[in-house]
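Report on the structure given below.
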Amino acid sequence: MRPIIAFVSCFVLAGCGSARPPGTAPPASAFPSVPVLIKDRADDRRRDEAVGKWVRLEGVVTNTKQPQIAGVDVDEPTEPIPGSAFRKVIRLRDQPGWAEGVLERTVVRPEGVDDTTANRGAGTFYRLVDPRTGHTAEAHPVRADRQ
């Protein structure tokens, strides 16, 4: 009798949790199959209108501390190193690339800047988020046959 009670208790408790932990991004299927296309950093209005939407960025990956495509933060892709817990970064800086994800905007006010730490300072910053992981989306190289 006790194994049945234990099994039923586990079954009931497992059903009490939410399907998705709070604060995590919705599944990729929640976004349209045709993303908003952003190719130019100068297109500020289009970028502002795309916040919270599925976006495809295309352009040259910047050679800066935080890589960007069209003024939006992205990460360089990585690949596993066999037999290691570390990953190898695939260098895309100064090369054409693309990335897809959900566009996120962060506004930092001058009074919110901590002068005792390294930071970007005040301003409006954009980041492309991979909805599957909640992390910054990775850039991908543009294949030679698609340029």
I need to check one value: relative contact order of the range 24-146, counting alpha carbon pairs closer than 8 Å and at least 6 residues apart, in percent. 27
Considering every pair of different Cα atoms, what Kirkwood radius, in Å, is found for the range 24-146? 15.5
Counting only residues 5 or more apart in sequence or on a different chain, those whose built amide H sits under 5 Å from that of V61 are D94, Q95, G97
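Rule-based calculations on the coordinates, nothing more; no lab input. The shown structure was predicted, so the numbers you read here are calculated from the model rather than taken from an experiment.
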